[in-house]
Amino acid sequence: MTTTAATTATGSPVVVGFDQVSKTYGNVRAVDGLSLRLHPGETVALLGPNGAGKSTTLDLLLGLKQADAGTVSVFGLSPREAIVAGRVGAMLQSGGLMDEVTVQELVKLACDLHPKPYKVTDVLARAGISQIADRKVNKLSGGQSQRVRFALATAGDSDLIVLDEPTTGMDVSARQAFWATMREQADQGRTVLFATHYLEEADAIADRVLVLHRGRLLADGTAAEIKAKAGARRISFDLEGEIDEAPLRALPFLTAVDVSGQTVRMQSSDADATVHALYGLGVYPRNLEVAGLGLEQAFVAITEAEEAKEVTQS
């Protein structure tokens, strides 16, 4: 692997740099003054609701689109220069695979085109597609096609691997094997950036999470830090008999309530005060649990709070 040339002011190498980057389509600002840094060995999840700017951000990073303002750098180079140098491997949802060629022929082509190629047999094995090497690409299942795309992204010794919804269509075992391979890539010092709708993957895999909303960076930190940023905790318990929801919904500091059968689930910005008030109602909750939000609930809470703030300001 080659060393990175770009560094921060503190000397930490920079793999990807976005500096006040904006991109608009007509009246829509897909990316809005985005600034961020990625570093070697990081596994970074890019999250955001539909329309958050994830795909445009990846397109700018890969040189597929040009920013209207600001600068994008990859290893201190322009995105196109970094890609031509073989420093970036990408697995994108968009773009089809070549038909009427075998998996092995397509992977061999990718290896032949890479400045620092791996052996074709090693690439096939790493992607878990050796057994379908002789199959025509147009005869593959969705999950198999995804693994072929992964093979193309890792056909050579690239320092940055960019993945857009990489495990869509894969079964559970294939997803687990895929992420085991990605951990190995990061352990070898490569940076892995992936966009996903599977928030449980981001929670389990990423050591850093970026949350985009309307083209802006809303949150940046570990999964634990993102959960803490949501500022809410989960409360769940069971009640016997007929449940009167009205006094439950009037408890202080609640941000969400769900009653299903005899089970009540809540989210509260001050769980201690909510539970204290719950006992004040004279009810007797059973199987009471208080826990932090999962990444998915935290993601929803953060983005909904931002949307509510924008409505208030408009």
Name the residues in region 268-290 that are not in a helix (DSSP H, G or I) and not β-branched (Val, Ile, Thr), would you? SER268, SER269, ASP270, LEU281, GLY282, TYR284, PRO285, ARG286, ASN287, LEU288, GLU289
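Take region 268-289 and flag every residue that is in contact with a helix residue (DSSP H, G or I) (Cβ under 7 Å, 6 or more places away or on another chain) and open to solvent by less than 40 Å² (accessible area, probe 1.4 Å).
The initial filter retains those residues of region 268-289 that are in contact with a helix residue (DSSP H, G or I) (Cβ under 7 Å, 6 or more places away or on another chain), namely 268, 281, 285.
Residues satisfying the conditions are SER268, PRO285.
From the list LYS54, LYS119, LYS108, LYS139, which residue is under 28 Å from ALA202 (Cα atoms) and among the basic types (Lys, Arg)?
Working: LYS119 fails: under 28 Å from ALA202 (Cα atoms); LYS108 fails: under 28 Å from ALA202 (Cα atoms); LYS139 fails: under 28 Å from ALA202 (Cα atoms).
So the residue among LYS54, LYS119, LYS108, LYS139 that is under 28 Å from ALA202 (Cα atoms) and among the basic types (Lys, Arg) is LYS54.
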Which of the numbered conditions does ALA67 fail, given that it passes all the others? Conditions: (1) closer than 18 Å to PRO166 by Cα; (2) in a loop (DSSP other than H, G, I, E, B); (3) at pLDDT 95 or above. (1)
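Return a yes/no flag: does region 291-302 have any residue that is modelled with pLDDT under 90, part of a helix (DSSP H, G or I), under 27 Å from the mean Cα position of the chain (by Cα) and surrounded by fewer than 18 Cβ atoms within 10 Å (Cβ to Cβ). Before you say what the answer is, go through the steps one by one.
So the first thing to find is which residues in region 291-302 are modelled with pLDDT under 90, and the list is 291-302.
Now narrow it down to the ones that are part of a helix (DSSP H, G or I): 295-302.
Next, only the ones that are under 27 Å from the mean Cα position of the chain (by Cα) stay: 295-302.
Next cut, surrounded by fewer than 18 Cβ atoms within 10 Å (Cβ to Cβ) only: 296, 300.
Within region 291-302 (the criterion being modelled with pLDDT under 90, part of a helix (DSSP H, G or I), under 27 Å from the mean Cα position of the chain (by Cα) and surrounded by fewer than 18 Cβ atoms within 10 Å (Cβ to Cβ)), the answer is yes, since at least one residue qualifies.
Of all residues in region 1-24 being out of contact with any strand residue (DSSP E or B) (no Cβ under 6 Å at 6 or more places or on another chain) and modelled with pLDDT of 55 or more, which is nearest to ARG87 (Cα to Cα)?
To start, the set of residues in region 1-24 that are out of contact with any strand residue (DSSP E or B) (no Cβ under 6 Å at 6 or more places or on another chain) comprises 1-3, 5-6, 8-12, 24.
When the remaining residues are screened for being modelled with pLDDT of 55 or more, the result is 6, 8, 11-12, 24.
Working: ALA6: 13, THR8: 19, GLY11: 20, SER12: 18, THR24: 28 Å.
Residue satisfying both the conditions and the ranking: ALA6.
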Of everything in region 210-252, what is open to solvent by less than 40 Å² (accessible area, probe 1.4 Å), in a helix (DSSP H, G or I) and within 23 Å of ALA273 (Cα to Cα)? Give them in sequence order. ILE226, ALA230, LEU248
Quick one: PRO79 ticks every box in (1) under 15 Å from ALA195 (Cα atoms); (2) of a type outside the set (Phe, Trp, Tyr); (3) modelled with pLDDT of 95 or more bar one, so which box is it? (1)
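The values are calculated or read from the model by the stated rules, or taken from the named source; none is laboratory data. Predicted model, so just to flag it, every value in this text is computed and none were measured. Every residue, glycine as well, gets a Cβ built from its backbone with ideal geometry; the counts of neighbours run over all protein chains shown. Side chains included, ligands, DNA and RNA excluded: accessible areas come from the protein's heavy atoms. Shrake-Rupley method; radii C 1.70, N 1.55, O 1.52, S 1.80 Å.
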